[in-house]
Each structure stands twice: as C-alpha cells, then as structure tokens.
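Enquirer: Below is the structure I would like to discuss, written out as structure tokens.
The values are calculated or read from the model by the stated rules, or taken from the named source; none is laboratory data. Quantities reported herein were computed from a predicted structural model and do not represent experimental measurements. Here Cβ is always computed from backbone atoms with ideal geometry, including for glycine, and neighbour counts include all displayed protein chains. All accessible areas refer to the heavy atoms of the entire protein, side chains included, with ligands and DNA or RNA removed. Shrake-Rupley method; radii C 1.70, N 1.55, O 1.52, S 1.80 Å.
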Amino acid sequence: ARDAAEAAAREATDSTLPQKEAALRAAQQAVGEAQRAVSELERARQVDENSLGHTRRQIEQLDLRRRRLEQEQAQLPRPDAAGLSKKQVEVEELAQTLAAAQAKLKDAEAVLPELDAARGRHQRDLEAARKHLHQTEAELAALKKLQESLKADEKLGAWLARRGLQHAARLWEKLKVEPGWEAAVEAVLRERLQAVAADLQWDGDDDAPPARFTLWTAQGAAAAAPPAEYLASKIACDDLNARAALADWLAGVYWADDAGAARALAAHRVAGECVVTREGHVFTPHSVTFHGPHTAVEGILARGREMERLTEDGTRLAAEVARLEAAAAAAQQAVAERQREIQAWRAQTAQTQNRHHTAQMELLRLQQAVERVQGRTSQIAAELAEVARLLANETANAEAIEARLKTYREQETAARDALYAARQQRDQADRAVFEARELQRAMERRQQEAGFALATCTSKIRELTDTLARIDREIADDTVRLDSAREELARLPADALDAELQAALTARAEAETALAAARNAVEGLTAELRGHDEARLACEQGLDPLRRSIEQLKLKDQEAMLMQSQFELQLREAAADEASLESGFADSPKPAQLQAAITRLQNEIAALGAVNLAALDELTQAQERSEYLAAQCADLLEAVTTLEDAIQRIDQESRARLKETFDTVNRHMGELFPRLFGGGQAKLILTGEELLDSGVQVFAQPPGKKNASIHVLSGGEKTLTALSLVFAMFKLNPAPFCLLDEVDAPLDDANTDRYCNLVRAMSDHTQFLFITHNRVTMEMAQHLAGVTMQEPGVSRIVAVDVEEAAGMIEAA
C-alpha cells in the first residue's frame, strides 16, 4: 500500500513540475527583460551624467579661458608708433651713410691695386738694379782680390816687408793700355808689370830678393813722347817716373797688326829691336817668340781695365739704385697712405654698419613687438569669438542632457517598479518549482535508497562467501608454511641467526650515519658555493664603480697633463723664465695685503669724484645695450630650455624603448634557451643602474650545471647560448631571410636535433640559408646546393630538391 501511495504521489509530482518550470522560465525571462531595460536606462543615464559633468567642466574651463583672454587683452601693451617711425628714419639715415662710406671705400680700394702694381714695378726694378749692382760689386771684388793676390807672393812678401814695400803700388796699376794691346804689353814687359818704385841702392848678394823681381827708380828724368810705331805709344801713364822706366824697357819694340806685317817689319830691324803683334808674338830679324800663359801676370792689364769699367758701372748702378729706392719708397708711402685711408674708411664703414645693424635689430624688435601685439590682439579676438560659440554650444548641450536625464529618471523609476513586480513573480514561481523539485528528489532518494539497500545486501552476501573461502585457503597455506618453518628452525641454531641479524643492523646504522654525514657535507658545500657565488657577484657588481672611477681618474690625469703641456707651451711662447716666476710667486703679497691695497685704491677712486661728464650718456647706451642683451639672453635661455626638454623627452623615449627591447630580448632568450638545451635557464642582467649607460651580462645555466662563469661552458654550449641570444634578437625584428654559416660545427647529434627543430619552427616566417657539413642538418633542408671539385681547382654546383628526391625514392 505504501509503494502504491508513493507511486501515485510521484505521478502527480511529475505532471505538475513541467507546468511550474514553464511558469518559472516565463517569470525569469520577464525579470531579465526588466533588468535589461533598467540597465539600459542606467547606462544611458550614466552616459548623460558623465556627458553633463564633462560639459559643465568644459563650460567652466571656457569661462575661465574667456576671463583670462579678456584680462590678457586688457594688459596688452599699446604699440609705440612714434618710436617705430623715428627708428625707421634712423635706419634709413644710417643706410644712406653706410652706402656713402661703402662707395668711398670701394673707390679707395679700386685705386689701391694700381698703386700696389706701381709699387711692385718699382720694387722689381729696384731688385733688378740691386742684383746687377751686387753682381758688379762681386765681380769687382773678385778681380780686386785676384789682383791683390798677385802682390801677395810668399817668396817676396818677407823681403818687401823688410823694406816697407809690401803696400807699394805696382807698375800695372799706373798703366792704361790701348784696348787690344794688353797681351802685347804683357808679352814684352812680363814680370816688370809687378815692378815697384824704390831706391836702386843694393847692399850685396845677401840682400837680393828670393825670386825674380824688378825695382824702378822714382827719380828718373821725364821722357819724351814715343813715336807712333813704337809699342810705348799704346800705353798711357800719368806717372812721369813710370814713363821713363817704360821708355827704357820698351826701347826698340815696335808693333804690328798681324804676323805678316810683323815679319816684314822685323826683317829691316837691327839687333836688339823687335816687333810684337796684338796676340803678343815677338818677331826679331832672326826669330819668333810665340806668346802663351807664362806667369801670374797673364791678363793683369785686361783685369785692370775691367776693374775700371766695373768701378764706373758700380757708380752708375749705385746712383740708379738710389733713384729706384726713392721711387719705391714714394710708391710704398703712397700705398701705405692709401691703405691707411682704406683702413679708416673700413673702420668708419664697420662702425656705421654696426650702428645700422643695431638700429635694424631695434627696429626689428619694435616691429616684432607691434606684430606680436597686433597678432595677439586678433588671436585673442578670434579665441573670444570661438569661446563664446563653444560656450553657447556647451550650454545648449547641457540643457538638452538635463532634459534627457529627467526623462531617463522617470523611465528608470517605472522600469524598477516593473522589475520589482517581475522579481516577486519569479520568486513565487521559483519557490513553487523548488517545492516540487524537493518533493520529486525526496521520492527519487527513497527509491534510490531502497535499490541501494537491496544491492548492498546482495553484494555483502557474495563478499562474505568469497571471504570465507579465501580464509579457508589461507589457513591451509599458513599451516603448511608453519610446519616448514618449524622443521627449518629445528635444523638451524638460534645463535647464528641472532648474530647475522645484529651484524646487518649494525651495518645498516653505519650506512645511515655515513649517508647523513655525506648529506650534511653536500649541504655545507652547497651553502659555501652559494656564498662564494654571492660574494663573486657582489665583487663583480662592485668592479663597475671602481672601473668608472679609474676611467674618470685617467681622464682627469690626461686633462691635467694636457693643461700642463698647454701652460708649458704658453710659457715657452712668451719666453718666460720659470725660476723668476716661481721666485716672484714666493715673494708675492698675501691676499689680506692685496685686499687692503684694493680698499685703499677704491677709497682713492671714490675721493676723485665724478669727472666724466659723458657718463650719463654712456650709462644710457650701456643700459639699452644691456636690455638688448638681456632679451637675447632670455631668447637663448628659452631655446636652451626647449633643447633640454627635447633632450629629456628623447632620453625618456630612448630609455623606454631600450627597456622594452631589453625585456623582449630577455623574454625570448628565456624561452629559446631551454628549447636548445632541453632545459636550464638563461637571462640577461644589466650591470649598471642607469639603463642608457649600463652594460649587459649574459647568465646561462645549462641543465645539470652550476657554472659560475660562461667561460667554463664547452664549445657547443657556448654556441647554443650565442644562438639563443641571436635568435632572441632576431625575433625582436625578424628579417625576410637569415644566413647561418656552419653554426652547427661544434654540436653533437642531440644538440643538432634541437637546433634543427628550432630552425624548422622559425622557418614559418623566415627563410633560412645555412652552410653545413652535418648530415642531420642536411636532412632538415628542403633544397640542397652542394659544391664538388671533380678536377683540381675547378668547382661545380650540384643542386638537390629533397622533396623530389624523396618522391623518386618512394616511386622506386
């Protein structure tokens, strides 16, 4: 009966539950729609409230901007039209003055090249005349030296000196021979040309000269003029005594123009007479003596005549040089005067130009000020009109938003009421569904509990039966093992088993003790190694400031050495005596004494009073100049501020970009390093505090290693570490293709596989071209290009399409 009642109740519940669930779903849908309507109204209201707040802030800002513009418009300075006109007139006057000065300077500079050319011509003529004069004087000095050397005979020098004749005039110095007959006179007179006038008294053989020499008396009688056919007629001499000696030496010596006439004339001469030609050949009735270089007197007469000519030329050239020097000096003076005039005009032009430039700058400043005021006035007017327009728009917008908000609030109140009613209906339907479901779940639980109880009882009966059978089997097996153990125990002595057990326990205790000690030692060594690593890292971090300090000290040392060398160079250029300077510094007065002297001088200057009557004008000019420089300085300071701001922005942007790049590369390296090594970790560490000046340190730790430095890594590990860093930077800004040149040379097969996997994964976006000798890497390639050398020195390219080759193998 109870089962029938439960079945009837379950059927009634199953029939009413779908109706209640349908009513609940309808109520939930109504609540959702009401909630969406409320949410939409809230969002619209919030948007309008935000817009209204923004609009009110805009209105406040516009009103504030309007007041600020009106205040600025009221404070704008009035343009100085009178000062601007006066400055324009001044600029025009200075421009006219500058143009006049420049024209006069141009005229003066146009005349200067002509004067300079004339000075150059006079200077060249003077240099040529001086050169000719120096050449003439040099030739004359050489001839005089040669002629004087004829007097300085080593053999006769002492003999003449004893008689006071070392400075006596020689005979050739008194003669003037007709041109062309010098050789004839030298051929006849020979060594007699070196004769000197002296007393003819002779003391004996002991007093004879050591060489051939002639003396002629200075007390001879006047000789008559020789006939024209005699050689003596070709010689002129103002010294009567010399003429007497010549008449004696040239008696019976005739002259002839050529050898034929000389032979004809010599045929009619008597003994002791001879005929001489222009060439110096001497003909007698029975002989001919040909003239040739014989003694040092050869050419002495020609040289004497040349000396006379050179003396006359020297006198003439000296006069010409003096005249040219006067002309060159006059030209130089004219050029100097013109240059002084040009310098004066240039100075005047520069001064006028500076004044004109200053006036232009002042005029430009005034014009810019007027333009700024006018531009700012028009700009303020435009901005005020724009502000008024924006205020009107924002005010209208605020009024429209407030009207919409009022409507939204009314609609939101109605929607909330509807939402409340829908929620109540949903709650009632939910409670009805809940009660029905609870009743259904209670029925289902009762049914499930009954089924579970039945299944549990059946299972327990089966398990108990199996347990009893298993226990019976175990009892039998234990009985057999017990009998066997008793038999074995009876056969074995009890003491041997106890001793073996004790030995095993002792060995186990010792092994555990040794294992604990080893673990403690490993932990101690690990802690010590960690401490050493921390100390090493601290030392490495402390090295950078020391290195920077060393670099700074080196730079300061180099700067000091450079300044020392510059000071030494300045001292050498000034030819200063360092010792005297040091002594002067040592004796220099003390600063207190100098301050007392300065105070005394200042008091004396103050006691003089105002004596400069033009000081006020100079002060006014200085003040105007100071104001102009202050304005320029303000502009420069503003430009400096702008540049500093730009530099700061650039530094910030550079620092941000560098930090972003560093973080990206560090992240990529942390991802790629485990893929290449099959584990481990790697990262980049900044070695300094300032990012822009900091260095980068690579920390790489392969799996299973606790390396303290990258230098302890093997060649393959270093290669993989470098590849992880390169690929990390490559992923930052990938290129269309990447070229790898035998990067897998130091890698084994396992590392090569990981390297190939990484390249294959990155080849989706980048084309890789690699050079390799590794077969594992070759298997990864899609196209192979080999280089063979069938003949020595001749290489050939062999291309292989891997996919095509694989297809051929599959087809075969």
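Enquirer: If you average 1/r across every pair of different Cα atoms in segment 427-578 and take the reciprocal, what Kirkwood value do you get, in Å?
Expert: Value: 28.9 Å, from the Cα pair sum.
Enquirer: Please give the net charge around residue 342, taking every other residue with its beta carbon less than 12 angstrom from that of residue 342, where Lys and Arg add +1 and Asp and Glu add -1.
Expert: For residues surrounding residue 342, the net value is 0.
Enquirer: Order the peptides 664-672, 776-784, 274-282, 622-630 from the highest to the lowest mean number of other Cβ atoms within 10 Å of their residues.
Expert: Taking the mean over residues of other Cβ atoms within 10 Å, the ranking is 274-282, 664-672, 776-784, 622-630.
Enquirer: By the scheme Lys and Arg +1, Asp and Glu -1, what is the net charge of all other residues having a beta-carbon under 14 Å from that of residue 629?
Expert: Summing Lys/Arg as +1 and Asp/Glu as -1 gives -2.
Enquirer: Leaving out ligands and nucleic acids, and using a 1.4 Å probe, what accessible area per residue does segment 388-537 come to in Å²?
Expert: Value returned for segment 388-537: 79 Å² of accessible area per residue.
Enquirer: Take the Cα radius of gyration of segment 685-744 and divide it by 2.2 N^0.38 Å, with N its residue count; two decimals is plenty.
Expert: Computed over Cα atoms of segment 685-744, the ratio equals 1.36.
Enquirer: At a 10 angstrom cut-off on C-beta neighbours, averaged per residue, how do the peptides 730-737, 355-362 rank from highest to lowest?
Expert: Most protected by this proxy first, the peptides run 355-362, 730-737.
Enquirer: Taking the Cα centroid of segment 37-57 and of segment 306-377, what is the distance between the two, rounded to the nearest whole Å?
Expert: Cα centres, segment 37-57 to segment 306-377: 84 Å.
Enquirer: For segment 646-736, report the accessible area per residue in Å² (1.4 Å probe, heavy atoms, rounded to an integer).
Expert: 58 Å²
Enquirer: Summing Lys, Arg as +1 and Asp, Glu as -1, what charge do residues with Cβ under 13 Å from the Cβ of residue 779 carry, residue 779 excluded?
Expert: Here the count lands on -2.
Enquirer: So which of 554/683; 683/731; 683/705; 659/683; 556/683 end up more than 25 Å apart, counting from Cα to Cα?
Expert: Too far apart for the 25 Å limit: 554/683; 556/683.
Enquirer: Using a 1.4 Å probe on the protein heavy atoms only, what accessible surface does residue 738 show? Give it in Å² to the nearest 10.
Expert: 20 Å²
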